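Novice: One structure is given below, represented as structure tokens, and several questions about it will come after.
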Amino acid sequence: SQQGEEDPQALSIQEGENATMNCSYKTSINNLQWYRQNSGRGLVHLILIRSNEREKHSGRLRVTLDTSKKSSSLLITASRAADTASYFCALGKIQGAQKLVFGQGTRLTINP
Amino acid sequence: DTAVSQTPKYLVTQMGNDKSIKCEQNLGHDTMYWYKQDSKKFLKIMFSYNNKELIINETVPNRFSPKSPDKAHLNLHINSLELGDSAVYFCASSTMAGGVKETQYFGPGTRLLVL
């Protein structure tokens, strides 16, 4: 399979707790991206990490990438109810254009 | 608003019909994409155009024909609709000017239901 595989498929936590989602893959990549999708809406880009990077931060988001293990994790700290959404990892491969291969997502529910 | 927009938002039609979905972006991007998201939320790329030229063409039935009249528009025409075409179709855009830029910006989706 060329797509990313996300774990867990669903995650439910209390507001204020940290949420960690993982993505594993099997192919070579140029970058790995995380997107969020609220129910019934389009995807919103969250963060991108290139294959030569190991960690990136953006606000309450922290992404790690281990190319030797072909895995990435997305950490959301101090979760809020508004973080409830599906989170997708996308494998970025540059073949002329940027081709994104998406995983099936992790459904995150933040309970108030 | 600067954005990627799609019309229609919802499309309910009978099997065998032909339908079109339109996409427009006013972000000044030169590359546009069509993705299909099935009922299991699996999102898969279908096509990509750069400056009106087809650059990515995944294994998609030839009943699906993309058309890009200019770099701000990418339309998707579907002939002889089948039940399995029911899905959410997302348009996205990005830019390749000055080198490949990795971030893609997505439209709100078109929910297609074939009866």
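Novice: Please go through the residue pairs A:56/A:99; A:69/B:67; A:56/B:36; A:26/B:9; A:70/B:9 and name each one whose alpha carbons sit more than 32 Å apart in this structure.
Specialist: Long pairs (Cα-Cα over 32 Å): A:69/B:67; A:26/B:9; A:70/B:9.
Novice: Now for a separate question. Assign one of three labels to the range B:4-114, namely rounded, prolate or oblate, based on the Cα gyration tensor with a ≥ b ≥ c the square roots of its eigenvalues; rounded applies when a/c is under 1.5, prolate when it is not and a/b is larger than b/c, and oblate otherwise.
Specialist: prolate
Novice: Name the residues whose placed amide hydrogens come within less than 5 Å of the amide hydrogen of residue A:109, ignoring near sequence neighbours (fewer than 5 apart) on the same chain.
Specialist: Under 5 Å from the amide H of residue A:109: A:11, A:12, A:13.
Novice: If you don't mind, another one. Just check the protein assembly as shown against the gyration tensor rule for me: Cα atoms, a ≥ b ≥ c as the square roots of the eigenvalues, rounded for a/c under 1.5, and otherwise prolate or oblate depending on whether a/b exceeds b/c. Before the final figure, lay out the partial values.
Specialist: On the way: a/c = 1.84, a/b = 1.41, b/c = 1.30.
Prolate is the answer for the protein assembly as shown, as a/c is 1.5 or above and a/b outweighs b/c.
Novice: With all protein chains present, how much of the accessible area of the protein assembly as shown (probe radius 1.4 Å) comes from carbon and sulfur, to the nearest whole percent?
Specialist: Reported share for carbon and sulfur atoms: 47 percent.
Novice: If you place +1 on the Cβ of every Lys and Arg, -1 on the Cβ of every Asp and Glu, and leave all else neutral, what size is the dipole of the range B:4-114 about its Cα centre, to the nearest 20 Debye?
Specialist: Using only the charged Cβ atoms, the result is roughly 220 debye.
Novice: Here is a follow-up. Have a look at B:73, B:4, B:57 and report the one farthest towards the positive end of the charge dipole of the range B:4-114, computed about the Cα centre with Cβ charges (Lys/Arg +1, Asp/Glu -1).
Specialist: B:4
Novice: Of B:70, B:18, which has the most accessible area with a 1.4 Å probe, and how do the rest follow in descending order?
Specialist: Sorted by accessible area, descending: B:18, B:70.
Novice: Right, another one. Rounded to the nearest 100 Å², what's the accessible area chains A and B bury against each other, both chains counted, probe 1.4 Å? Display every interim value, and only then the final one.
Specialist: Working: alone 6090 and 6520 Å², together 10800 Å².
That pair hides around 1800 Å² of surface in total.
Novice: Per residue of A:42-49, count partner chain C-beta atoms within 10 Å of its C-beta, then hand back the mean as an integer.
Specialist: 5
Novice: Per residue of the range A:12-26, in order, report the coupling 6.51 cos²θ - 1.76 cosθ + 1.60 (Karplus, θ = phi - 60°) as ³J(HN,Hα) in whole Hz, putting x for Gly and Pro.
Specialist: Working through the residues one at a time gives 10, 9, 8, 3, x, 7, 8, 10, 10, 10, 10, 9, 10, 8, 10 Hz.
Novice: Could you tell me the distance between the Cα centroids of the range A:69-101 and the range B:1-56, to the nearest Å?
Specialist: 21
Novice: Which order do peptides A:47-56, B:85-94 fall in by mean Cβ count within 10 Å, highest first?
Specialist: Details: A:47-56: 14.4, B:85-94: 22.7.
Descending packing order for the listed peptides: B:85-94, A:47-56.
Novice: In debye to the nearest 20, how big a dipole does the protein assembly as shown give about its Cα centre with +1 on each Lys and Arg Cβ and -1 on each Asp and Glu Cβ?
Specialist: 100
The values are calculated or read from the model by the stated rules, or taken from the named source; none is laboratory data. Everything numeric in this text was worked out from a predicted model, so none of it was measured. Cβ coordinates were reconstructed from backbone atoms using ideal geometry, including for glycine residues, and neighbour counts include every protein chain displayed. Protein only, heavy atoms only, side chains kept; ligands, DNA and RNA dropped before computing areas. Shrake-Rupley method; radii C 1.70, N 1.55, O 1.52, S 1.80 Å.
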